[in-house]
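Right, one structure below, let's go through it.
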Amino acid sequence: MTRDPADVEVELSGAAPLITRLQSLLHGPQADEPRAETARGWLDLAYEAAYGERYSAAAAAAQAGLSAAGGQDPENRLMLLRILAGVHEMRGDTEASTPYVTQRVALLRELRRTRQARIEEELGPMLLREPDHVEGEILARVAEQLRDEDATAGRPSLELADVLSSQAVRVLHDEGPEAALPVVEEAVDILIRLDRPEALAGARMFLAHTLLLTGESARALHVAEEVMAAPANRAVRGAMAMLRATIHHHDDRPEQAIADAMTSTELYAACGVRKGAASAAALLASLTSAADQDETSVLAWRVAVQQAELGEFPESRMLTLALGQQLLELERFEEAEKVLDALSVRLTGSSEDASVRARALMGLGHAVTQQKRPLEAMAHWEEAAALFRSVDEIEESARAHLAAGSLAASLERLDAAESHHRKALELARTSQEDDPAVLVQALHSLGHLLTRTEDPSGVAHLQEALDVAQEHGTDWQVADITDSLARGYVALGDGAAAVARALDAADLFLAAGDDRSAGGAEIFAGKVLLEMGRADEAEAILRMAVGDRQSEHDLVAEALEGRIDALMRQGKPEEAAELRRELTRLKRRMKP
């Protein structure tokens, strides 16, 4: 493809639906390295490739620009030589960079720009890459000297702006954005006064990011819009669209954020800045998911994965995981299985990616569980638990065992369930995390399982879970564990304790705002009383349980059945018959 990025505006289908634009990115042809017709066109392509860390392509484009139409123009030649020197320096190859620095210095002298030639010759690599701490101090001294000279001459200089731009990078690293901001602002002001639009675009981009880091989002947005309104290559424009999307997102303007994230994705993808395109697409996926644009979100995650894979970046693994998790949330379980299974297979045997693979296996387990393949899910979660343990993610390993244990219990594989719950508890007790949520869950799960199998030691675990939850957990957790204690006491044959705990749980559920669970706990208490032969108390509690819950038809039906039984035991068949008729009418209404 032959084009001239300096002269042709990037064509974006901004009016098209997001889904159409994302599908175009996903399924459109992946173009070869673009070509240009002029030195300025090659210059844009070189800048874009360098920004995308495609240094070989950047060097090739700059080299092509030297022999293209306009390549002998001094200003074009100076910029192309600068890119060639910078690209090699960023790759750590000072030896390859030096000839281009020498040619540039010689050309500056030919143009009688001797001061600029001297500065570039003296500072060399410091102006081409991020300077180290000592070089930063040198740049600061040189900037002060140039500032004094410019003040005497009564005009700013390009060389001062150049030195300030490099100095600002170091100041940002060492002292933070507040200290770097005045340095960047001074460089931008000089470039504006000297009318240097090519350098100004990059300097303004730096300024916009620095302003954002200092919390001045309104000013950052204004600078970004200035960049977008002026000539700039696609990489710079993509960066500014991404910055605008970020600001709009933080300021709760989702529509603008989505529009800018889409624009950034397209601009970055068009010029091969793969990491930027992947980041912009990931932001777009998150934004559209929050806006309930499910299909758009899935496509955006797919584009993020595609761009990261094209750039051969390791981030593609986490992005693939995010895609799989999004599909799980949308209950597209077959698609989620394909994505997560492929990721797991791809990462098999890689110790560096054990954590990502373990998370993929957790998601894969959920996907196959929903497709009625529980044994596969248990195997996936068992493997995930071992992987998490191997990389010292103790709490995640405990969670994996809890998932496997709960599934085993549902399959009546009680020995396997107990084994998993005990491993989870052991891991939770050794965890160094401040949040005891996993410990509470492990104690609760094991205690519930043990009492279910009439093992009285389960009560101690439930009580410990309750103690920890009362100190660190939520009101609902406290209610839920109290409810489990009630059911545990029934399994152990202690009806009086069960009733007391069930009524406590009902009060706690009410306090936590869960009225339905409160009704369920009261009904449970009534049924236990009925089994204990205390029919009059049972009927009273069951009647109160649904007093204000007439909309909960299933609870009302359950309570009515219990009350009918209680009344019959009390020798009140007429009242029981009336409730039976009421129950019949209710069940008719409950039919779909």
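Per the listing ALA540, ALA498, ALA545, ALA577, the residue uniquely out of contact with any Lys or Arg (no Cβ under 8 Å at 6 or more places or on another chain) and under 17 Å from THR482 (Cβ atoms) is ALA545. Looking at segment 312-331, can you tell me whether even one residue there is closer than 28 Å to ARG422 by Cα, of a type in the set (A, V, I, L, M, F, W, C) and part of a loop (DSSP other than H, G, I, E, B)? Taking every residue of segment 312-331 in turn, none turns out to be closer than 28 Å to ARG422 by Cα, of a type in the set (A, V, I, L, M, F, W, C) and part of a loop (DSSP other than H, G, I, E, B). Screening VAL339, VAL345 for residues that are open to solvent by 30 Å² or more (accessible area, probe 1.4 Å), over 22 Å from ALA398 (Cα atoms) and among the β-branched types (Val, Ile, Thr) leaves exactly one candidate, VAL345.
Across segment 420-464, the number of residues qualifying as open to solvent by 50 Å² or more (accessible area, probe 1.4 Å) and either under 34 Å from the mean Cα position of the chain (by Cα) or among the basic types (Lys, Arg) (or both) comes to 11. Within segment 213-231, residues that are closer than 19 Å to LEU172 by Cα sit with their Cβ atoms under 6 Å from residues that are surrounded by fewer than 17 Cβ atoms within 10 Å (Cβ to Cβ), at 6+ positions apart or across chains, in these pairs: THR214/GLU178. For segment 211-299, the helices (runs of 4 or more DSSP H) that sit wholly inside it and include 2 or more residues that are of a type in the set (Ser, Thr, Tyr) are 254-270, 274-290. Checking each residue in segment 282-332 for being closer than 12 Å to ILE258 by Cα, of a type in the set (A, V, I, L, M, F, W, C) and either buried (at least 17 other Cβ atoms within 10 Å of the Cβ) or in contact (Cβ under 8 Å) with a residue 40 or more places away in the chain (or both) picks out ALA282, LEU283, LEU284, ALA285, LEU287, ALA300. A count restricted to segment 251-276 and to residues that are at positive phi, of a type outside the set (Gly, Ala, Ser) and buried (at least 21 other Cβ atoms within 10 Å of the Cβ) stands at 0. Scanning segment 143-168 for residues that are under 23 Å from VAL227 (Cβ atoms) and touching a Pro at 6+ places or on another chain (Cβ under 7 Å) gives a single hit, SER166.
Looking only at residues in segment 235-250 that are open to solvent by 20 Å² or more (accessible area, probe 1.4 Å) and more than 18 Å from the chain's Cα centre (by Cα), the one that is farthest from TYR47 (Cα to Cα) is ARG244. Only residues that are open to solvent by 70 Å² or more (accessible area, probe 1.4 Å) and farther than 20 Å from GLU89 by Cβ: list them for segment 112-159, please. Across segment 112-159, the qualifying residues are ARG112, THR114, ARG141, GLU144, GLN145, ARG147, ASP148, ALA151, THR152, ARG155. In segment 361-409, of all residues being part of a helix (DSSP H, G or I) and of a type in the set (S, T, N, Q), the one that is least open to solvent (accessible area, probe 1.4 Å) corresponds to SER397. Hey, SER217 hits all of (1) surrounded by fewer than 21 Cβ atoms within 10 Å (Cβ to Cβ); (2) polar (S, T, N, Q); (3) within 25 Å of GLN326 (Cβ to Cβ) but one; which does it fall short on? Condition (3) is where SER217 drops out.
State all residues of segment 492-517 that are under 35 Å from the mean Cα position of the chain (by Cα) and acidic (Asp, Glu); if no residue qualifies, say none. If the condition is that a residue be under 35 Å from the mean Cα position of the chain (by Cα) and acidic (Asp, Glu), then ASP514, ASP515 are the ones that fit. Of all residue pairs spaced 6 or more apart or on separate chains, those with beta-carbon atoms under 7 Å, a first member in segment 335-362 that is without any contact (Cβ under 8 Å) to a residue 60 or more places away in the chain and a second member that is of a type in the set (S, T, N, Q) and open to solvent by less than 20 Å² (accessible area, probe 1.4 Å) are VAL339/THR320; LEU343/THR320; ARG357/SER344; ALA360/SER344; LEU361/SER344. The set of residues from segment 113-170 being of a type in the set (Lys, Arg) and over 45 Å from the mean Cα position of the chain (by Cα) comprises ARG113, ARG115, ARG118, ARG155.
The values are calculated or read from the model by the stated rules, or taken from the named source; none is laboratory data. Being a predicted model, the structure only gives us computed values, none of them experimental. Note that each Cβ is placed from the backbone with ideal geometry, even for glycine, and that neighbours are counted across all protein chains shown. Remember, those area values only see protein heavy atoms, side chains included, never the ligands or the DNA or RNA. Shrake-Rupley method; radii C 1.70, N 1.55, O 1.52, S 1.80 Å.
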